[in-house]
Every structure is written in C-alpha cells, then in structure tokens.
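First up is the structure itself, then whatever we jot down about it.
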Amino acid sequence: MALDSKSDLPQFKVVGTRPARPDGIDKVTGRARFGADMSAPGMLTGLILRSPHAHARIVSIDTSKAEALAGVHAVVTRKDFREITDDDFTADILDNCMAGAKALYDGHAIAAVAASSTKIAREALKLIDVTYEKLDHVTDVDEAIEDGAPVLHEGRSDETVPAGMSPNVLSRYEFGHGDPEEGLKNADHVVERTYKTEATHQGYIEPHACLAQMGPDGQGDLWVCTQGHYMVRNTCAAILGIEQGQLRVTASEIGGGFGGKTTLFLEPVALMLAKKSGRPVKMVMTRSEVLRATGPTASTSIDVKIGMTKDGKITAGFAEMRYQGGAYPGSPVEFGAMSAFAPYDLEHVKTIGWDIVTNRPKAAAYRAPGAPMAAFAVESAIDELARHFGLDPLEVRLKNAAREGTKASYGPTYPAIGLEATLRTAKDHPHWSAPLGENQGRGVACGFWFNFGGDTCVTLNITPDGTVTVSEGNPDIGGSRASMSMMAAEELGIPYEKVRTIVADTGSLGQNEVTDGSRVTFAVGLATIEAARAAKREMCKRAAMIWGIDEEAVEWVDGAAQPAGPNAGKFPPMTLAEIAETASNTGGPIAGHHEANPEGAGVSFATHMCDVEVDPDTGAAKILRYTVFQDAGKAIHPAYVEGQFQGGAAQGIGWALNEEYIYGDDGILQNAGFLDYRVPVASDLPMIDAVILEIPNPGHPYGVRGVGETSIVPPLAAVANAVSAAAGVRMTDLPMSPPKLLAALHAKG
Amino acid sequence: MTKVHVTTTINGDPTEFLCEPDETLLDVLRDRLGMTGSKEGCGTGDCGACSVTLNGRLVCSCLVLGAEAEGQEIGTIEGMAQGENLHVLQKKFIEHAALQCGICTPGLLVAAKSLLEKNPDPTEEETRYWLAGNLCRCTGYDKIIRAVMDAAKEMREAA
C-alpha cells in the first residue's frame, strides 16, 4: 500500500519527513503579518453600516451629515459602483458587498465611510440616515419553498426549476443511474428519513481585513487576507471596471479560511473608499460582522431513502436535498448531490438537489462544500440499516464500497481509490475493539471529496550561491510553503534548508486559482516539481556546455550534474552550487517555471470512528475518542497532513454537537459572537488519532492527493451515529446540542 | 475626550503612550505601539488571541483598558524569545506542527507560558482546561496540547 513500494515512483529523501516550516519562527514570535497587521502612511479607517433588518427595501440613503463630519474623507454607497449587467456571478458578489435595491439579510452592507480615526468613522456611521421599508422575511430552508413564502428575487430561477415552484428555488440538480424505486423492491428493509443540519460558520479566528490604495491613474494596491489574491484582483477589477494588471494584490498571512476567504466582502468597498478619499484605507471586520455578513455554509433539509438486504447489500439509494445558500444563488447543493453516495458501488442511485435562497448571508465555501451534510444523511441511514440487521457497520460499508472500476453515483468511473483501505485499517485498529461503558456509543462514517487542480503558476530561481527560491501564488494556510520547499528539495536533490518558498503577489506570477479544492499540495506541488525539473534540464545543459559534451549525455543525480554513463566522458559531478556560481558565464541566471491547469486531482476517501458519552441528566455529549483514517495519496509533510485530518474532524465535531446559526422570529442572528456561537475548545476534545494511508494518485508525480477537505465530511455522521448509539435514540437534526439531545432522551422515556 | 498619558513597562521596556480613556490595551499595543503580535479574533474575550500578561497574570488585552496599564508590567508575545533564543514553547510549537495558520499561536503561547509558570507539570486535562480560553480553528488542539506538555517536560528536565 505504501507509495514507496511502487517501483516506478521515486525513493524519497525529503518527502515524508517532518522538517520545521519556513514561516515557523515568524508565527511563534508574533512577527508574521496578517490582514490587520499592515498600515500605511496617511491611512484612514473604513467602516461599514449594516442592515438591522432581515429583509427591507432601501428607500433612501442620506449621507450628507456623515460627509460633513470633520475627519470623514469618503462615504460610499451602491451608487458609487457601476451597474454590472452582463455577469450575474460578479453582480451578486457586488450586491453582497454593498446592497442595491434591497437589504437581503441582517448585517447586509448598506454604506461605508473612511475617516481619520476609528472613533470618527463610528460617529459617521450613526449620521447616515437610511429609510427602510421592511419586508417579510424567511430564514428556514423548508419554509422558503412553501406557497406564499416571502420572495427574495423574482426571475432568478433557471430552466431546471419546474413551473409553479417558489421563486426562492433557483436551480435543480440530478445525479445517479439505475432506478431506485426498482432497487428498493429488492430490499429486506428500507430506511426513509428526513435529516436537517443548521448553518455553521468556517470560524476562522482572523476576521476579514484589508488595506487598499487607489490612485487617480487607475493603479491600485491591495493588502488582504484571502485564500486567493488573484481571485481578489480579478473580481475587484471586474467590479470596479479597471484592468487586472493595474491592481496589484499582496496576500497577507492568512488566519484561517476553510473556504470562507475564497470570495470578496470588504475589498471592492475599501478600494472605492481609497479612490474617493485619495488615501490608503484599512478595513477590519469585527467578529459580529464576520458572523452576520460573511460565509456561513448552507443549512439543509434532506430526505433519504435507502434499501438493504438482510446480508447488508444496499439495493438502492435515493436522496432529495434542499440547501439554502443565503440570499443569492450558489448553495453547495450540487456538490452535496454529487457526493452523497460517492463512497458506494450502487446499481440504483439517484440524488436530486434544490438550490434555495433565504434571508441569510450569502453562503461561502466551507471545507468540502455541501458534502458533510449529505454524508450525515446517507451515513446515518446506512448506520440505521446496519443496526436494524445487527450487522457490523464497517462490514456493511466494505460490502458496498466503491473500488477501482466502480461507476460513481455522480458519473465517472473511479481509478485506484483508497476507501476500502481506510475501512480495513479501521477494522484492524485497536479503537474498533476497545470496550465501551455505560451511556457510551461508537459511530463510524465514510466521506468523500473530489479534490481539484486549477490554474497554477510557479517560478523556481537558482540564486548565484546555489540556494533556491520558489515563488508560488497561493496563500500558505497550513504549512504549504514547507511542502513546496520539500518537493523542490526532493526533486533537485538538495537539502530542504536550501530552499525558501515565498507567496508572490499578483504582479509576480501568472494566474493562480484560489487555495481551494484541496488543490495546493497537489497542483502547486506538481508545478513546483515541474519547475524544478525545468531548472535541472537547464543545469544539465550548462554542465554539458562546460564539459563540451551533448546535453543529452548529462543526467541529474543527487543534486549534481554528471555524465550519463561511461561513453559520455569522465568528469566529476558538478553540483547545483557549482553550476549556479558560473551561470553568468554559461548563459545567465538559471530558473525553472511551470504553468498548468492540471487535471488528475485524485479523489479522496476517509473513514472516521468516534466514541461519545451522553450525560442523561444534561443531554451533553462528550467525545471520548476519535480516529481518522484517510487516504493522502502521498503525505509530503505527514505532520501537516495529520493536522488537516485532526482539524477537519474537530470542525465536524463542532458542527455535529454545538455550532449553529440561531435566528429569531425577527430574522436577526441571535448568536453573532464566539460566546454563543460555540466552536470546540481544547477541553471539549480528546486527542484525535490520525492514520494516514497512501494509495498514490497517478495524476501527481509523487502520488499526492488533496487532504484538506475530506476530513470534514464523515464527522457529522460519525458523531451522530455514536450519539444515537449511546442515547438509544436516532438523532436526525444537527446540532445535537444538549437541549435537543435531552429532549430526545425524554421523548424516548 | 482628553487622551490619557500612561507610563508602563512592556516586555521590560519602559514605555509611554497616550490613549483614549475607552481604548483597549489591545488597540494600544497594535495601533499605537506597532506591536501587532497580539491578535484580535473577537474583541469580547472569547478567543484568547490577544492574550498578554498583566503583572504576570494572564488576561485578554481586549478586555483591559490601555489606561489600566499605568504602572504595570505587561508581557506580550514579542517578549517571549530572548534575542535569538526562542522559548522552549516556541520551539516545541514549531517542532510539533502545533500551528497551521498561526493566528491563534501568539495567544496560545502566552497562555501556555503562563500555565507552566503556575504548574510546571500539568496533566493533559489541566492543559486542556487552562487553554480552553484560546480558540484554535485549524488544529483540533491535538498537536498544541502535545507541544505544551513536551515543552513542560523539557523545562522540568532543564530545571
């Protein structure tokens, strides 16, 4: 199973070790500069006025008093932005950053000010006079599609939506093959249930922040915490009507993103304030703004019907999924419908997804967007079926597991995949056979994520003293600079410490897709390896020139050029440093680069195992033990791979047990702070065991698969299955917060 | 409002600043003194990213007024390493990969140092409860707890 056992793949020296990350010292000393840590001479503070209503027509905005306040240098409303009529996607981002005709959710941006101090900016916000006409609102996904529900937008439904449905339903998706109704006839038992999950927030600890400058010549500079500064550049340029090349965006260190920093919230507003004021403008969100107005994931309502024979064969799977993505199109329901049954080899499978709008903030991506909720529903039903027949839930999953050659429920046929390996490893793990006590239960669940490639551009420079710098265009969100340095060192045959990787600004490289889709170690790693190979070819050429032999007669071995075989001539190996030293005389500086949009991001599977104890007096569920089994393809830096497994599990545990968006009847978010929006803290969790499996991805030179997202897919179901086992009652509604669990225990009697 | 003149000590350095009476110590550190190692994750004392010590006591600097620093000793992440020498906790955080994005790291390090000063031999449970006021969204805490306990061990052995 180990990659190294495959003879056609390299024997690694650097890859698979655990060196210190290059940005480590900056980050443990407080020296690393995050979004809010930058300042500029003459800088103003930008603040945003937000809607206090869940749904309201904006009748008028009078900014004259604010503009007249001493110290105020600019006030911006939607009127300052051009109308975008040819691109709904960008138009929606703008409307979310600055409301147009209507405020669509509590916290929607209405106006912004830039002032010489935060104090004056706050005062100015109070002087902006907005007249609202309040409208009826809806925040629940099922209520939003009822007849007579308040309508957010007219005419946004696409051609997939049947006539007669609520205008709040924007798209319909369908995936699958076979005939589930036919398949269900062969089942000995069918579970049919509705599952609900509440919206959660990515919960990055760093609020959104940026520092913008914009000159009258149309040139702009932006410092921003983002998962993708190229995306920021391109989308800001589209919104502001400027050329991409005129806007230089530098990514700060990023204090967490998890998908939530893959779109814009402040940036076009900051640039507009900077343009109007002629001064640099810094904007930093409060935590309350982050929760009210940025990125939660969808809340969902999912109907599942699964049939099984008494020996554990799934005869058919069906799911109808309703996801609300906030006030705009684009809930992750399509991914949910694609991924729901992806771990299984099914003859009859069908999923239908509905994209629905409500008066909530526009959903942003959140780690494997759409998949955790789908897996919660399907894996809960499979667990219930296994328990119905008294079957081992891991055996049931093994019996139905997708393998190489399986036609996935969403279309493609799988190449070599790791699901079965995760299940077998889980079965053999001591966790599976450990004894459980009173009020304790164990749950397992599987999860899947697609992974992604995307536009990628890397430059690798050989310095005159023989060190190496790698420039890449993806913010380092969890140790990726270390991984890039390791892959470059591996390929060049030099020590890890000789390579320094930097995240370059948008003026330094070509287009780079955002840090999403678990793509960085895969795609940027691939480009780094290819860039190193290009540099090696050039160095072999230089050595050939010095030796006066054909460049084909030179090969690269252990960090040096050497004659390839006895016929090439007898020359001592020439190291990278020696070639670099004389580069000026052999043709100039040496660099390698690679540009690609790589296909071949291998899909990734995981199995999670969880023990919980339920307190029958309080309804609190405590995680006792947790183990993650996941296929990484090849773990470049195993410690950071484990970290991804552990972090995804922890976020999933929070989603399962505590985290939720709570809206009052007035449509106002009631828990816009970390006190009431309760993410897991250190005392909530046990150690999280991370078991790395390595089934190489043929689409990457070293076998890498993305690992960042799959880890959040199984935990909702794994925890729910464990809680259901411990409580003796099936939990179908997340989060399983103490009041909800206590009510279920009481109802059970 | 008239600004308040404050004389204090930060990481051993005599320091003076002017601040608004309602300005937090965190804002003073970050915006007036350029010490941006302390982070603001919430501004309400829930996340611990702004952890500093006030006369040796662990506090959230977002819940302390700048004016309250008068005559006190403040300790921040910037004062944790001695010149080129990282504190054992800082080394262990790097060694154990106890950070991913790093935004919570300064606060966690200040809080962990404070723990080990009070309790050089904490159990895992004691460590988890002491650090429960420092949110980390990336790691699931596993490697952080291991780093702190390993640092404690090394510090005990060196003592």
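Round to a whole angstrom and tell me the spacing of the C-alpha centers of the stretch A:251-273 and the stretch A:195-229. Centre-to-centre (Cα) distance: 1 Å. How many angstrom separate the Cα center of the stretch B:3-25 from the Cα center of the stretch A:316-371? The two parts, judged by their Cα centres, are 52 Å apart.
Could you work out the Rg to Rh ratio of chain B, with Rh taken as the Kirkwood radius (inverse of the mean 1/r over all Cα pairs)? Ratio value, two decimals: 0.98.
Note on the stretch A:696-749: percent of Cα-Cα distances in each 5 Å bin, starting at 0 and stopping at the bin with the largest distance, equals 4, 17, 20, 14, 9, 7, 7, 8, 6, 4, 2, 0.
Does anything in the stretch B:90-118 have its amide N under 11 Å from the 7 Å Cα→Cβ label point of residue B:159, and if so which residues? Residues passing the 11 Å test: B:116-118. Using the average count of surrounding beta-carbon atoms within 10 Å as a protection proxy, the listed peptides A:141-151, A:390-400, A:349-359, B:49-59 rank, highest first, as A:349-359, B:49-59, A:390-400, A:141-151.
Take each residue of peptide A:533-546, count the partner chain Cβ atoms within 10 Å of its Cβ, and average: the result is 0. The coefficient of translational diffusion for the stretch B:88-158, derived via Stokes-Einstein from the alpha carbon Kirkwood radius under 25 °C and 0.890 mPa s, stands at 210 µm²/s. Counting neighbouring Cβ atoms within 10 Å and putting the fewest first, the residues A:449, A:223 line up as A:223, A:449.
Classify the stretch A:80-138: rounded, prolate or oblate, from the alpha-carbon gyration tensor (a ≥ b ≥ c, eigenvalue square roots; a/c under 1.5 rounded; otherwise prolate if a/b is larger than b/c)? Because a/c hits 1.5 or more and a/b fails to exceed b/c, the stretch A:80-138 counts as oblate. The Rg/Rh ratio for the stretch B:4-79, using Cα coordinates for both the radius of gyration and the Kirkwood hydrodynamic radius, is 0.91. Annotation for the stretch A:524-585: GluC sites (Glu not before Pro) lying in DSSP loop with at most 15 further Cβ atoms inside 10 Å of their Cβ do not exist. Taking the number of Cβ atoms within 10 Å of each Cβ as an exposure proxy, the fewest-first ranking of A:631, A:611 is A:611, A:631.
Average partner chain C-beta neighbours within 10 Å, per residue of A:676-689?
Details: counts 1, 1, 1, 5, 6, 12, 20, 10, 3, 5, 6, 8, 5, 1.
The shielding value for this peptide is 6.
When the scattering of the stretch B:1-43 is computed by the Debye formula from its Cα atoms alone, each counted once and equally, what is log10 I(q)/I(0) at q = 0.16, 0.19, 0.28, 0.31 Å⁻¹? Summing over Cα pairs of the stretch B:1-43 leads to -0.42, -0.59, -1.09, -1.20.
Under the membrane-span-like helix rule (DSSP H runs whose alpha carbons stretch at least 20 Å along the helix axis, mean Kyte-Doolittle hydropathy 0.5 or higher), chain A yields A:371-389. From its DSSP helices (H runs of at least four residues, each -39,500 (n - 2.57)), chain A gives a residue-normalised ellipticity at 222 nm of -8000 deg cm²/dmol.
Please report the antiparallel percentage of DSSP beta bridges with both residues in chain B, rounded to the nearest 5. Working shown, then result.
Details: 15 of 17 bridges.
Looking only at bridges with both residues in chain B, the antiparallel portion is about 90 percent.
With the helix formula -39500 (n - 2.57) applied to DSSP H stretches of n ≥ 4, chain B reaches a computed 222 nm mean residue ellipticity of -9000 deg cm²/dmol.
Panel note: the C-alpha atoms of the protein assembly as shown, placed on their principal axes, show extents of 78, 78, 64 Å (largest first).
Antiparallel DSSP bridges in the stretch B:4-79: what percent, to the nearest 5?
Details: 14 of 16 bridges.
Roughly 90 percent of the DSSP beta bridges within the stretch B:4-79 come out antiparallel.
Report, as an integer, the average count of C-beta atoms from other chains found within 10 Å of each Cβ along B:126-137.
Numbers: counts 1, 2, 7, 3, 2, 3, 5, 3, 3, 7, 8, 16.
That works out to 5 on average.
Across all Cα pairs in the stretch A:228-291, the calculated P(r) in 5 Å bins from zero up to the longest distance comes to 3, 15, 25, 29, 17, 9, 2 percent per bin.
Would you kindly calculate the translational diffusion coefficient of the stretch A:413-484, applying Stokes-Einstein with the Kirkwood radius from alpha carbon pairs, for 4 °C and a viscosity of 1.567 mPa s, and quote it in µm² s⁻¹ without decimals?
The calculation lands on 73 µm²/s.
Solvent-free Debye calculation, one equal scatterer per alpha-carbon of the stretch A:596-635: log10 I(q)/I(0) at 0.19, 0.23 Å⁻¹ equals -0.70, -0.82.
Report, for the protein assembly as shown, the % of DSSP beta bridges that are antiparallel, rounded to 5. Provide the component values of the computation, followed by the final result.
On the way: 108 of 139 bridges.
Around 80 percent antiparallel, to the nearest 5.
Among all the lysines, which ones have a C-alpha under 28 Å from residue B:113's C-alpha, if same-chain residues fewer than 8 places away are not counted? Those lysines meeting the cut-off are A:27, A:622, B:39, B:91, B:92, B:143, B:153. Enter the Cα centre distance for the pair the stretch A:84-139 and the stretch A:709-748, rounded to the nearest angstrom. Their Cα centres are 38 Å away from one another. Shown is the FRET efficiency for residue A:309 and residue A:428, computed with R0 = 25 Å from the Cβ-Cβ distance and rounded to the nearest 0.05: 0.45. Ordering A:204, A:344 from the fewest to the most neighbouring beta carbons within 10 Å gives A:344, A:204.
Each reported figure results from applying straightforward, stated rules to the coordinates on display, with no laboratory input. All of these numbers come straight from a predicted model, not from anything done at the bench. Virtual Cβ from ideal backbone geometry, glycine too; neighbours counted across all protein chains shown.
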